[in-house]
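Reviewing the structure listed below.
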Amino acid sequence: MKRTLVLVLGLSLLFWAATGLAQDDAEAPPPADSNDATGVKELKAELTAMREETNTKIEEVKKENEERVEKLKQEHEERLDDIETEMMENLDTGDTEDRFSIYGFFDLTFVKDFPDKNSVMTGLDPAKTSFLMSNLNIYFKSQMTDTLSALVELRFTFLPLGHETSLEMEGMTEYERVDTTVLQANPYKEQRLGGVAIERAHLTWQPADFFGVVAGYFLTPYGIWNIDHGTPTLIAVREPYMQWARIMPLTQLGLQLFGRAYPTSRLYFDYAFTVSNGRGPMDTVHDLDENKALGLRLRLSYEGKNVGAGLGGYGYYGKYTDIKKVITAIQPAFHVEQEVTAGYDELIGALDLLVEIYGVRLQGEFIRRLIQYSERAERSHLSGMGGYQPNYITIAFYGILAWELPLSKWLGDMKLTPYVEVDYNDRDDSIPDNDSIMILGGLNFKPSPFVTLKAEAGRVNSFHGTRANLTYLAAQMAVSF
Amino acid sequence: MNRQTLHIAALVLTGAFLAPRLSAADSPNDILVVVNNSVPVENIPADRVRNFFLKKAQRFKGGMKVFPVNAREGTDIRKEFRKRLLDMTANEETRYWQDQKIKGGITPPPELGNTQKAVFKIKGAVSYVFRSEYKEKTSKVVLVLPAS
């Protein structure tokens, strides 16, 4: 019994010791995991600390840079201030604005004409979808003193390329079209030449608001369309008949006296008096008669906050003369005589009206020209009538209604203006059934102060017959820079 | 209540009454239209000043040539002046000058950083400044555009 008890006790002790050892063995790996975890923890902590340190350093550098930038800005402002002060030391009343500036505009138009089948335009009009660049105008403006300035406007054009000088008529004439392609020898290169047209070039002296003088080649101070002048400023794509037919001379070479009076701060009275070579076959090169053309412009306008109106008129009287030079003798002395081949007096009156009310714009012009011949020319063969041209009257008018839509909430500063226009003309009352009308409508969109986009559709109809009937579509981008 | 107390009370009440009116008339954000001291006019109507900055008029009464000077584009004073007097946005003003250049070759007024200095130095100059920045005697105030 004792022996059994001792044996049991011994076995128990042995068993206990064995399990204790086994447990120790089982716990041996835990010491290895603890080391790794601690290591990772330490690494993580180190990384966090490094991150924090880096972030702090980044913040410090940022702050330093910001301070440096601020300091540089301040120094820059101070330097600008010094430069301006230096500039101001040299300024006097003569320096009223930029001394010399160059700017301009150009346009790209996309057109498609649809002449009626039996319209005379069917053959004359290319009637193919086409891009056109009709205007590339560059301005050179110099403000020499506070009263003296000069302005030159040049129009660069692809013309006379494509100008048709003759249509083919069997047995009589050949079709001729100008091709300006030239060859450069070295290096060999083909080049198409274009042209430069002088739109205006004049000196302006204006010692007072109510009096100034323009000397040179200037835009005739008449109407609204002629003064607006450039495609970015004009509402529609197509010009009214009175403009492209030049019923009034659009430009004149001579002198203009002009001025503005202010009955009130919002009411203006403008006047202009013109003396020029008038209209002639080469009026910008030489006048072929002694008569100088005279013109008088008067306009009253009111500009309120949301309401404006203007009513103006321009009267013009001039003489057109064309000549040829004939050698009448060679011996005993060389002698040349001038013979007048065409001559007429023209008396033109034009009225213009502009009303603007809360974005709605009504603009219209009327013109009437009387031609009285002193030396009759043969009628243009296009009139189909033959013989000599009798005295005649030309009448034309147009009206535009446009509305600048109140969409600032959605469009911001962009302007969207739908418009409709009616344009009537009777070009020669000595030819019966010679009047026509054009009706058009479109959208004028200004996404920026420098770009104007227009889309337009129109219909030209002769009142009698189908002379020049056509429909057209046009889109235009006009850019000012 | 003795006389002294009454006086103090009256002063306090008067001040309380006037203070809002004075502060409304003399807000630091009022825009003062200023001209060179040589300009022989004391007051110019807002419409006339507008015409100067849009170059629809180029002479003061008396014939002196106007030299309008704009603050730099983007500055608060320029934005406020455009809003309060020209009644245009920046794009509208730019568009206006693009049209004027094409029609008649008229270019916009110059922009300078220190318009007060320009007005002080240039005969016939007209410009604008916040009341809080105005330095007395450097120029004459001819119009006040109050803060809204």
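Mind listing just one residue for me: the one in the stretch A:449-465 that is open to solvent by less than 50 Å² (accessible area, probe 1.4 Å) and modelled with pLDDT under 95 and, of those, farthest from A:Pro115 (Cα to Cα)?
A:Pro449
Among the residues of the stretch B:7-16, are any among the small types (Gly, Ala, Ser), under 28 Å from A:Asn137 (Cα atoms) and at pLDDT below 95?
Scanning the stretch B:7-16, I find no residue that is among the small types (Gly, Ala, Ser), under 28 Å from A:Asn137 (Cα atoms) and at pLDDT below 95, so the answer is no.
Quick test for you: out of A:Gln184, A:Gln206, pick the one residue that is within 14 Å of chain B (Cβ to nearest Cβ) and out of contact with any helix residue (DSSP H, G or I) (no Cβ under 6 Å at 6 or more places or on another chain).
A:Gln206
Can you name every residue in the stretch A:274-324 that is modelled with pLDDT under 95, surrounded by fewer than 19 Cβ atoms within 10 Å (Cβ to Cβ), within 31 Å of the chain's Cα centre (by Cα) and away from chain B (no Cβ under 14 Å)?
The answer is A:Pro281, A:Met282, A:Thr284, A:Val285.
Suppose the filter is more than 10 Å from every other protein chain (Cβ to nearest Cβ) and more than 29 Å from A:Ala208 (Cβ to Cβ); does B:Lys79 pass it?
Considered against the rule, which asks whether it is more than 10 Å from every other protein chain (Cβ to nearest Cβ) and more than 29 Å from A:Ala208 (Cβ to Cβ), B:Lys79 comes out as yes.
Conditions tested, residue by residue: (1) aromatic (Phe, Trp, Tyr); (2) in contact (Cβ under 8 Å) with a residue 40 or more places away in the chain.
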residue	(1), (2)
A:Val120	no, yes
A:Phe140	yes, yes
A:Gln143	no, yes
A:Leu161	no, no
A:Glu174	no, no
A:Ala185	no, no
A:Glu199	no, yes
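In the stretch B:107-125, which residue that is β-branched (Val, Ile, Thr) and more than 7 Å from chain A (Cβ to nearest Cβ) is farthest from B:Trp97 (Cα to Cα)?
By that ranking, first place goes to B:Val119.
Determine if the stretch B:101-109 includes at least one residue that is surrounded by 15 or more Cβ atoms within 10 Å (Cβ to Cβ) and more than 30 Å from A:Thr251 (Cβ to Cβ).
No; the residues of the stretch B:101-109 include none that is surrounded by 15 or more Cβ atoms within 10 Å (Cβ to Cβ) and more than 30 Å from A:Thr251 (Cβ to Cβ).
Quick one: how many residues across the stretch B:42-57 are open to solvent by 50 Å² or more (accessible area, probe 1.4 Å), assigned to a loop (DSSP other than H, G, I, E, B) and within 12 Å of chain A (Cβ to nearest Cβ)?
1
Is one or more of the residues making up the stretch A:388-395 out of contact with any Leu (no Cβ under 6 Å at 6 or more places or on another chain), more than 22 Å from A:Leu298 (Cβ to Cβ) and without any contact (Cβ under 8 Å) to a residue 24 or more places away in the chain?
yes
Could you grab the pairs with beta carbons closer than 8 Å, sequence gap of 6+ or different chains, first residue in the stretch B:65-81 and closer than 11 Å to B:Tyr128 by Cα, second one assigned to a helix (DSSP H, G or I) and of a type in the set (Ser, Thr, Tyr)?
Pairs that qualify, where the first residue is closer than 11 Å to B:Tyr128 by Cα and the partner is assigned to a helix (DSSP H, G or I) and of a type in the set (Ser, Thr, Tyr), are B:Val69/B:Thr115; B:Asn70/B:Thr115; B:Ala71/B:Thr115; B:Ile77/B:Thr115.
If I ask for residues that are at positive phi and either open to solvent by 10 Å² or more (accessible area, probe 1.4 Å) or polar (S, T, N, Q) (or both), which ones from the stretch A:193-243 would you list?
Passing the criteria: A:Gly216, A:His229.
At pLDDT 90 or above, of a type in the set (Asp, Glu) and part of a loop (DSSP other than H, G, I, E, B), is that true of A:Asp179?
yes
Just wondering, is there one or more residues in the stretch B:129-140 that are within 11 Å of another protein chain (Cβ to nearest Cβ), at pLDDT below 95 and buried (at least 17 other Cβ atoms within 10 Å of the Cβ)?
Taking every residue of the stretch B:129-140 in turn, none turns out to be within 11 Å of another protein chain (Cβ to nearest Cβ), at pLDDT below 95 and buried (at least 17 other Cβ atoms within 10 Å of the Cβ).
The values are calculated or read from the model by the stated rules, or taken from the named source; none is laboratory data. Everything quoted here is computed from the prediction, not taken from an experiment. Please note: Cβ atoms are built from the backbone with ideal geometry, for glycine as well, and neighbour counts cover all protein chains shown. Remember, those area values only see protein heavy atoms, side chains included, never the ligands or the DNA or RNA. Shrake-Rupley method; radii C 1.70, N 1.55, O 1.52, S 1.80 Å.
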